[in-house]
Amino acid sequence: MTERQWHLEEHIVVDAAPADVHRMVADLRNMGRWSPECRRVWVPRPPARPGSRFVGLNRRGPFVWFTTGRITSLSAPATATEPGELTFDVGVFGLPIARWGYRFEPEGDGTRVTETWQDLRTGRGARLTVLLGAVFAGTGTESRIAVNRAGMRATLARLAAACAR
């Protein structure tokens, strides 16, 4: 048995300015266009800002589930040389599942976009969230890593394609 992995990180360089890419990703309603798992995000009071809550509708194969989220940090690049970020936590039934993050750093004429995932299924309620993941999303802790890595790569590639238009 392998040791549980608690964190993932993937990146891509896109052909757009950091502020433009940040603006696209910070509108969480766009996530359904890029993510292979997230189908739709509902933000009750756009635009998103730190503390904003949202609901995500997710699907993978025959599995469909909702998550609730809250933006924990959101900062646009202040200048052409400074990075921006977006971080949000998702959970289900009030239990934490994961922290997702995006960094937007200038690289050449484009932007290095880094997507991160951190498993928050620890402590009280962890066993229940692992069970809920298996039942509703069809993934246990070990398969979730591979699913997330593939999903992150697909999301970043679709974001890069959207930036190239």
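The values are calculated or read from the model by the stated rules, or taken from the named source; none is laboratory data. No experiment lies behind these values; they were computed from the predicted model shown. Note that we place each Cβ from the backbone using ideal geometry, even for glycine, and neighbour counts take in every protein chain shown. All accessible areas refer to the heavy atoms of the entire protein, side chains included, with ligands and DNA or RNA removed. Shrake-Rupley method; radii C 1.70, N 1.55, O 1.52, S 1.80 Å.
Measuring with a 1.4 angstrom probe and ignoring ligands and nucleic acids, Leu95 comes out at about 40 Å² accessible.
Approximating the spin labels as points 7 Å out from Cα along Cα→Cβ, the Arg29-to-Ser143 distance works out to 3.4 nm. Could you tell me whether the stretch 1-78 comes out rounded, prolate or oblate from its Cα gyration tensor? Rule is a ≥ b ≥ c as square roots of the eigenvalues, rounded for a/c under 1.5, then prolate if a/b exceeds b/c, otherwise oblate. Oblate, because a/c is 1.5 or more while a/b does not exceed b/c.
For Asp15, the solvent-accessible surface computed with a 1.4 Å probe is close to 110 Å², ligands and nucleic acids excluded. Rolling a 1.4 angstrom probe over the chain with all protein chains present gives an accessible area of which 55% lies on carbon and sulfur atoms. Name the residue from Asn30, Leu86, Thr114 whose Cα lies farthest towards the positive end of the charge dipole of the chain, charges +1 on Cβ of Lys and Arg and -1 on Cβ of Asp and Glu. Towards the positive end, the residue furthest out is Asn30. In a solvent-free Debye calculation with one equal scatterer on each Cα, what is log10 I(q)/I(0) for the chain at q = 0.09 Å⁻¹, listed in the order of the q values? Values, matching the q order: -0.29.
Phi angles across the stretch 71-88 convert, under the Karplus curve 6.51 cos²θ - 1.76 cosθ + 1.60 with θ = phi - 60°, into 3J(HN,Hα) values of 6, 9, 8, 8, 9, 6, x, 6, 9, 5, 10, 9, x, x, 8, 8, 9, 8 Hz, Gly and Pro given as x. Working note: Karplus 6.51/-1.76/1.60 with θ = phi - 60° gives the stretch 101-114 the couplings x, 9, 10, 10, 10, x, 8, x, 8, x, 9, 8, 9, 10 Hz, where Gly and Pro are set to x. Residues considered: Pro44, Pro83, Pro96. Largest GNM mean-square fluctuation over the chain, using C-alpha springs under 10 Å, is found at Pro44. Can you give the local net charge around Gly69? Use residues other than it whose beta-carbon is closer than 9 angstrom to its beta-carbon, Lys and Arg +1, Asp and Glu -1. Value of the local net charge: +1. To the nearest 10 degrees, how steep is helix 141-164 against the longest Cα principal axis of the chain, on a 0 to 90 scale? Long axis of 141-164 versus the principal axis of the chain: about 20 degrees. With a cut-off of 13 Å between beta carbons, the residues surrounding Ala150 carry a summed charge of +2, where Lys and Arg count +1 and Asp and Glu -1. Here the dipole of the chain is about 860 debye; that uses its Cα centre as origin and unit charges on the Cβ of Lys and Arg (positive) and Asp and Glu (negative). Which residue fluctuates the most in the chain, going by a Gaussian network model with Cα springs under 10 Å, if the choices are Gly32, Gly94, Gly69? Of Gly32, Gly94, Gly69, the most mobile in the Gaussian network model is Gly94. Counting only protein chain heavy atoms and rolling a 1.4 Å probe, the accessible areas of Thr111, Thr116, Thr81, Thr122 rank, largest first, as Thr81, Thr122, Thr116, Thr111. For the stretch 13-165, the solvent-accessible area with a 1.4 angstrom probe is 52 square angstrom per residue. For the set Met24, Met31, the ranking by accessible area, highest first and with no ligand, DNA or RNA atoms included, is Met24, Met31 under a 1.4 Å probe.
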